[in-house]
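The values are calculated or read from the model by the stated rules, or taken from the named source; none is laboratory data. Here the structure is a predicted model, which means the values were calculated and not measured. Counting neighbours? That spans all protein chains shown, and the Cβs are built from the backbone with ideal geometry, glycine included.
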Amino acid sequence: MTTVAAYAAPAAKAPLERTTIERRAVREFDVLIDIKFAGICHSDIHQAQEGWGEAIFPMVPGHEIAGVVSEVGPGVTKFQVGDRVGVGCMVDSCRECENCRAGREQYCVQGNVPTYNGIGRDGEPTYGGYSEKVVVDENYVVRVPDGLSLDVAAPLLCAGITLYSPLKRWSAGPGKKVAIVGMGGLGHMGVKIAHALGAEVTVLSQSLRKKDDGLKLGADHYYATSDENTFKELAGTFDVVVSTVSAPLDFNSYLALLKTEGALVNVGAPEEPISLNLFSVIGGGKTLAGSMIGGIAETQEMLDFCAEHHLGAEIELIAASEINEAYERVQNSDVRYRFVIDTATI
């Protein structure tokens, strides 16, 4: 076991504080990673505040991890000391079910092992990236290409793959009209990736406050959803609408923005249930779908794609002592567009 410094929430809704945790000794197929940067995802806040249900405390959040390999187990073949690597939202799965065998480990039938707020296959709780080091099985580690600096790569391990996977699945590309709902940590990566894939991109945000940023990042159009004329003007426009927001929406209104047989894909996870008139789906043969991160191979594909197109996250780099302030700012939509912790300050 190795003792490392970390920032943890001691209880639900409690401020995060500096502490120490134990990392397991490196096993045969393990990789020890010196964490350099860790992104702050809105999911971290939901879980630290038990917004999605009962959680495990003390909790060390963080599933957007970028760092450097400092030790490998004797059976490791994919990585060596000095490699630049990342860890996303899961650190294990059953490896045997149909989904795991197909490279969809995120949908493991037995449930994947989350990077934090979970229980590993060894029965021990998992702790995330707000820490100095982490030990992960090599099969759940990805390589960060040389074309990406580690600080802007960290958020790609959640925000990047969360948008890349549905955009690829629903064939966003030339000739397709794609709308991204929300211009935040997830949404801004959706704009970048959809633009790089060749789609015509529209941002749907509450206001026009971030319009200049959206256009600069690759959006072709930008509309305020607070303007009632937006939904009238854009009715029947889009092939794909991807909602990134974590608050309940009027899904009936957003379904009306789709072309016949278009898809509304939800990647945000509101804490409250939504109301839906099924005729909004049936009329027009539309699809209301969900998508959750991506498998390990697809995550590597996403990183390679982002490196090829020079797509890193737009970040605000902070010291670990600023985590609690950052949480408040995320809840107030006061970040452009992802906080990333410099873990050297832990």
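The figures follow:
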quantity: Qualifying position, being exposed (fewer than 14 other Cβ atoms within 10 Å of the Cβ) and at pLDDT 95 or above, among Glu316, Glu328, Glu322; calculated: Glu328
quantity: Extreme residue, nearest to the chain's Cα centre (by Cα), among residues of segment 134-158 that are closer than 18 Å to Asp342 by Cβ and of a type in the set (Gly, Ala, Ser); calculated: Ala154
quantity: Test: Val91 is in contact with a Phe, Trp or Tyr (Cβ under 9 Å, 6 or more places away or on another chain) and outside any loop (DSSP other than H, G, I, E, B); calculated: yes
quantity: Helices (runs of 4 or more DSSP H) lying entirely in segment 276-346 (those with 3 or more residues that are outside the structural domain of Ala263 (by TED's automatic domain parsing), of a type in the set (Asp, Glu) and in contact (Cβ under 8 Å) with a residue 12 or more places away in the chain); calculated: 296-308
quantity: Condition check for Lys168: basic (Lys, Arg), part of a helix (DSSP H, G or I) and without any contact (Cβ under 8 Å) to a residue 12 or more places away in the chain; calculated: no
quantity: Test for Pro174: is it part of a helix (DSSP H, G or I) and either surrounded by 24 or more Cβ atoms within 10 Å (Cβ to Cβ) or touching a residue at least 12 places away in the same chain (Cβ under 8 Å) (or both); calculated: no
quantity: Residue check, Ser243 of a type outside the set (Asp, Glu), without any contact (Cβ under 8 Å) to a residue 24 or more places away in the chain and either closer than 14 Å to Gly182 by Cα or assigned by TED's automatic domain parsing to the domain that holds Asn332 (or both); calculated: no
quantity: Top-ranked residue in segment 19-54 [being among the aromatic types (Phe, Trp, Tyr) and under 23 Å from Gly184 (Cα atoms); ranked as surrounded by the most Cβ atoms within 10 Å (Cβ to Cβ)]; calculated: Phe37
quantity: Residue match in segment 108-121 (condition: surrounded by 19 or more Cβ atoms within 10 Å (Cβ to Cβ), in the same structural domain as Cys41 (by TED's automatic domain parsing) and charged (D, E, K, R)); calculated: no
quantity: Residue among Glu261, Glu200, Glu298 that alone is modelled with pLDDT of 95 or more and more than 29 Å from Val335 (Cβ to Cβ); calculated: Glu261
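Conditions tested, residue by residue: (1) in the same structural domain as Ala326 (by TED's automatic domain parsing); (2) out of contact with any Lys or Arg (no Cβ under 7 Å at 6 or more places or on another chain); (3) not β-branched (Val, Ile, Thr).
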site	(1), (2), (3)
Lys36	yes, yes, yes
Ala66	yes, no, yes
Val69	yes, yes, no
Thr77	yes, yes, no
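The rows are residues; the columns are (1) more than 20 Å from the chain's Cα centre (by Cα); (2) at pLDDT 95 or above.
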residue	(1), (2)
Ala5	yes, yes
Asp34	yes, yes
Phe37	no, yes
His42	no, no
Trp52	no, no
